1. Assess whether residue B:127 counts as being surrounded by fewer than 13 Cβ atoms within 10 Å (Cβ to Cβ), more than 7 Å from chain A (Cβ to nearest Cβ), at pLDDT 85 or above and over 25 Å from residue A:534 (Cα atoms).
2. How many residues does the stretch B:19-49 hold that are touching a residue at least 24 places away in the same chain (Cβ under 8 Å) and more than 7 Å from chain A (Cβ to nearest Cβ)?
3. Would you confirm whether any residue within the stretch A:247-260 is in the same structural domain as residue A:126 (by TED's automatic domain parsing), in a helix (DSSP H, G or I), within 21 Å of residue A:122 (Cβ to Cβ) and β-branched (Val, Ile, Thr)?
4. Residue under question is residue A:267, and the condition is that it be farther than 21 Å from residue A:290 by Cα and either under 17 Å from the mean Cα position of the chain (by Cα) or at pLDDT below 95 (or both); does it hold?
5. Could you list, in sequence order, all residues of the stretch A:385-420 that are over 22 Å from the mean Cα position of the chain (by Cα) and over 30 Å from residue B:210 (Cβ atoms)?
6. Determine if the stretch A:96-113 includes at least one residue that is under 30 Å from residue A:543 (Cα atoms) and in contact with a Pro (Cβ under 6 Å, 6 or more places away or on another chain).
7. Among the listed residues B:70, B:104, B:85, which satisfies the condition of being crowded, with 17+ Cβ neighbours inside 10 Å and either closer than 24 Å to residue A:363 by Cβ or not assigned by TED's automatic domain parsing to the domain that holds residue B:269 (or both)?
8. So, residue B:211, is that one in a loop (DSSP other than H, G, I, E, B) and either surrounded by 23 or more Cβ atoms within 10 Å (Cβ to Cβ) or basic (Lys, Arg) (or both) or not?
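The values are calculated or read from the model by the stated rules, or taken from the named source; none is laboratory data. As the structure is a computational prediction, the values presented were derived from the model and not from experiment. Glycine also receives a Cβ, built like all others from the backbone with ideal geometry; neighbour counts cover every protein chain displayed.
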Amino acid sequence: MNEPPEVREEDERLAKEREKLARDGPQLKGAKLEARLERTWHRPPGILGWLATVDHKEIGRRYIVTALLFLAAGGFLALLMRLQLARPDSNLISAQRYNELFTMHGSTMMFLFAVPVMEGVAVYIIPLMLGTRSTAFPRLNAFSYYMYLFGGLLLWGAFALNIAPDIGWFAYTPLSGPQFSPGKRADIWAQMITFTEISALAAAVVLVCTILKTRAPGMTLARMPLFAWAMLVVAVMIIFSMPAVALASSMLISDRLVGTQFYNSWEHGDALLWQHLFWFFGHPEVYIIFLPATGFVSVIVETFCRRPVFAYPVVVLALVSTGILAFGLWVHHMFATGLPRVGYSFYTAASMTVAIPTALQIFCWLATMWDGRPRLQVPMLYVIGFIITFVIGGLTGVIIASVPLDLQLHDTYFIVAHFHYVLIGGAVFPLLGILTYWYPKITGRMMSDTLGKIGFWTIFLGFQLTFFPMHLSGLLGMPRRVYTYPAGLGLELPNLLSTIGAFVVASSVVLFVINGLVSLYRGAIAPANPWGATSLEWATSSPPPVYNFAHVPVVESRTPLWDIAGELPVVTGLRVDEKEILLTTVVAATPDLREPVPAASLWPFITSIAVAIFFIASIFSPWAVVFGAIPSAIAIIAWFWPKEMKREPEPVIT
Amino acid sequence: MSRRTRAAAVALLFTGACSIQHYQSTFSDAAVEVRQFNILFVIFLVICAIMYLAVIAFLVAGLVRRRRRLANVMEDGRHHESDPLLRTALIGWGVVVGTGLVGLAIASFIADRSMANAAASEKLSITLTANQWWWDVRYNSADSSKTLRTANELHLPVGVPVRIILNSNDVIHSFWVPSLAGKQDLIPGRQNDISITPTKIGIYRGQCAEYCGAQHAHMALVVNVDSYADFLKWWRHQLQPAPPPATPLALAGYNFVTGRNCSACHAIAGTPASGTVGPDLTHLASRRTIAAGTMPMGKGNLYGWVADPQSLKPGSKMPTIALEPDELHAVVAYLETLK
């Protein structure tokens, strides 16, 4: 060979480099590989390591636990409200306090429970379901959790200090403006929104990139689990809808802080502008909560009916079209505001149209049950409860899409009944089902079946007792958000029933929590795949190791674990001495790149503290925007500071 | 469940609902508008109930069938197959749902148009201005001597289409008298209106339906639908100024009310009291309620309200004014003469 000596030297050097490189494969597998991966992926020890972690499973667990705590807190406020409304003309709770309670209840449930819990479940399970080792942008993921936590602490800290917002979760201007809400209550609400917006946007970006780029090789878009489809649609919806409320709440804050008068009609602002911006976000928000739950239902129906969901393309198209239609409905929250009457008809038609994809999805689940062999275990019971309950909420939704009907029913207890049927029946029931279903994957133990069944029946019956009579209270003329109602209007009986039902629901939630806590220590040890399910999260141990999969699995069908007897096919060659994941192409999921995963870092946490100080201080002074930006910028620069490469760039192995 | 349980519960609730007074209920036939609502509501309810039963029937059928031997499940290795019948059924279901929704949308549109057309023929015009937390009422007339101002109470002649112009002085409120018509918001900086044609004599209660702050729950409105003759009698009476005080006690009250704090906010026709930020008091004692439906009109409640409005309606814009006992007796005695 006539190669110049430097080329030969270079080849030798590369050969040595290659030997140093550790990758999984035939030479490195089994226990030795697992120990090596464990060493690479485990988080730093101690409290600092706990704060610095970027493991999606830890962040997902924290998200879920925090969101469930907020659910309990928001539910407790609901009980207080029901106690006040149990009797007419009751003086148990003052008007001011009651207004704080419903504001806290709505804001907590929408911003601190429903959206974050869906994101939390997704952040935990999506990488496992897709067969990868980490989410995309794991540090952003950690930052998203801390922003959410601080937003929640801001709101509940204010409640503890007796400066809770009292403007409703919708904060209509001008009631929430500087003239009619002096003090800091409304600002605290608006800044809580800013925190949760940023958190949700960050989580959405993480999820979109994770779903599009980190799927296991072979998991084409057409083989992707329906839950991943649902979360992809939801994350895109978050990215398009949250800026509207970010804009609206920033304008509200600047109205309150520096007198900009955006919403002040006496100074040529517009009181209705808020409603347009808020509902442009607020209506998609409902689907942001509901679509992940449809993903849960698809997962449960598939596993417990022992066959894939019927008409997969129809379900996917239903998800996507719901996601698009959801942006064309916001005016149906504003039928009583006196906008042009004929224009309303468009929104009636759009609101009814959105019932079509939902009806098709329901048909597909029922067809799956019909064609399969349903096993009535606890998660499946929740799906049956979901269908019985949610369909009522969907149909009352068709009723209130009609302008003449909505003008009577708008802002009455009929609406309260409607959206609790949709949100509890449509989202919380599937959530409780899916938590039961994924509990063994997350904790390594099974939840008690008996307690689970008792819990299901109490919450199902308690729910109907609480919310069915509210349809009637609304028709009998009871408006929403009233702290009391007079005797003699026929409202006594339905309200008393609702209060009794609320306590039944609460006892069932307590039962669920007890079941969750006791099973953590006493539950039967869960095997890798206790339900005989088909998606990839069940291909690894319960709970999964910190690196998720020793080898990245390869997918050849929509139901991988049902179609392959024995070991899954895998790809090898990912580095084990550094954190690394395999990126695949967006549509066909063919291997594309090997991508390094950032190490654990305290900077997301420090940045979130700096941003939290910035936001909270800006409640009190506009100067906080100037001075608060400095530490936030420093923290972000430190977070993004280019890292020194420890080794030379690795050679291309052909 | 227990559909039976639920059906029983519904039956119980509805029989309960029938035995009560319907003066704030949508189950009413007291106006053209609410009748249209009820017809449309029943159409929607029936179609939605049929849809619901279809879903539940399919669910039950699916669950009952689960013990059959042949199923397209993974245990039998047939999980990628589907019953061919289901494909047809899916298309059929889509067509049924789509047709049903189109039908409902058309029914809704027709009802909406007919309500809008009825609005064109109004005979009586009223301007209603919402305030935290009471209603300012003005009866408009081309003849300014017949324009009158009152508060928290509407009187409407039966069978006469009325147009109510809706404004707000502060935050967003919503006008809603369920037994007569649907709601319409009162928005600062905008003017809305609503048309009502009452068809049945009676007393109806309405209340603010948009959350408007601390006392949102205590912002009610009484609507008296009278015969045309009674309505005209009421109107003529309301156009009278307040009678001069007849007793020494009432005179002391008159002096207090017109000379001190009260007149800064309240107006009483025929006296120097001419404030406009609070409700007009000219015929206060002829109204059915005090403080926008917070309590019934009566001597005891008047005492309570004048002495300490902040305990009875906390947050109300009427301040508690420290009154000596004799001043309180005098003020109430005078207010009682404002029939």
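1. For residue B:127, the condition - surrounded by fewer than 13 Cβ atoms within 10 Å (Cβ to Cβ), more than 7 Å from chain A (Cβ to nearest Cβ), at pLDDT 85 or above and over 25 Å from residue A:534 (Cα atoms) - is not met.
2. Let us first name the residues in the stretch B:19-49 that are touching a residue at least 24 places away in the same chain (Cβ under 8 Å), namely B:22-26, B:28-37, B:39-40, B:43-44, B:47.
If we keep only those that are more than 7 Å from chain A (Cβ to nearest Cβ) as well, we get B:22-23, B:28-35, B:39, B:43, B:47.
Number of matching residues: 13.
3. no
4. Answer is yes for this residue.
5. Hit for the stretch A:385-420 is A:388, nothing else.
6. No, that holds for no residue.
7. Exactly one of B:70, B:104, B:85 is crowded, with 17+ Cβ neighbours inside 10 Å and either closer than 24 Å to residue A:363 by Cβ or not assigned by TED's automatic domain parsing to the domain that holds residue B:269 (or both), namely B:104.
8. Against the criterion (in a loop (DSSP other than H, G, I, E, B) and either surrounded by 23 or more Cβ atoms within 10 Å (Cβ to Cβ) or basic (Lys, Arg) (or both)), residue B:211 qualifies.
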